[in-house]
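The block underneath contains the structure these notes are about, expressed in structure tokens.
Coordinate-derived values only; no laboratory data. In this text, all values refer to a predicted model and were calculated from it rather than measured experimentally. Please note: Cβ atoms are built from the backbone with ideal geometry, for glycine as well, and neighbour counts cover all protein chains shown.
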Amino acid sequence: MALSCFALAIFLILTLDSDYSIGSASAASEGVQITYGSTIKLMHEKTKVRLHSHDVPYGSGSGQQSVTGYPTVDDANSYWIVKPAPDSSAKQGDAIKTGSIIRLQHMKTRKWLHSHLHASPITGNLEVSCFGDDNESDTGDVWRLEIEGNGKTWRQDQRVRLLHADTGGYLHSHNKKYTRIAGGQQEVCGIKEKRTDNIWLAVEGVYLTVSESKASA
């Protein structure tokens with residue numbers, strides 16, 4: 001796990017603007033601020049799975065790339081890059097406030113966390129998929145960040161919900177597992193009820209912070 005995080009950090013150092021500093025965030029680094037451009041894993045609070053995707057399509061519904069809950073920590077397909085909405089003035093390294101409109105881009109396949117009115121395969125709730133690429137994104141990729149409690153900006157290990165802008169569904173998971181497309185992995189879906197079991201936390205990952213020169217500019 002330490003080696004994979006180090007390799008990810010080196011990759012981002014080589015590809016990101018030099019005005020930004022980079023730090024590796026693990027579960028031990030409590031309270032690290034999440035900023036645009038950070039690459040994170042999201043853990044479902046109740047079941048402890050990580051939000052995951054891979055280049056395997058759903059066999060029903062939209063037929064788009066599937067999104068699941070992955071049971072172990074050490075998995076490269078569970079990294080997501082936090083991006084602002086396309087029409088936002090937010091920049092890489094900016095803090096993310098509660099109520100912000102965000103997108104999550106799957107690091108490995110470059111597709112966006114997406115939802116729509118297709119039924120999810122197991123429970124028939126709102127399907128959550130991955131869609132598009134670096135040059136294609138639509139309103140189905142847009143989520144509103146809701147921070148639980150008194151926090152104003154998103155931090156690691158902070159309890160949050162993600163509300164899908166188009167459908168009004170909260171990003172959700174449960175203990176119902178696939179047997180075919182992703183054996184042993186959990187269904188991830190959207191539900192319209194605001195419940196205690198649609199809470200997520202940013203855990204492992206690599207986060208970006210604004211450098212002193214950028215902050216004082």
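For segment 82-144, a Kirkwood radius taken over Cα pairs fed into Stokes-Einstein (20 °C, viscosity 1.002 mPa s) yields D = 170 µm²/s. Across segment 32-146, Cα-Cα distances exceeding 20 Å account for 41% of all pairs. Taking N as the residue count of segment 149-213, its C-alpha radius of gyration divided by 2.2 N^0.38 Å amounts to 1.43.
Once you divide the Cα radius of gyration of segment 70-217 by 2.2 N^0.38 Å, the number left is 1.07. The gain in end-to-end length when the T123 to K91 segment is fully stretched comes to 7.8 nm, 0.36 nm per residue minus the alpha carbon separation.
Inter-label distance, T47 to A76: 2.6 nm, where each label sits 7 Å from its Cα along the C-beta direction.
Applied to segment 73-82, the Karplus parametrisation 6.51 cos²θ - 1.76 cosθ + 1.60 on θ = phi - 60° returns per-residue 3J(HN,Hα) values of 6, 8, 8, 6, 8, 10, 8, 10, 9, 7 Hz, with x for Gly and Pro.
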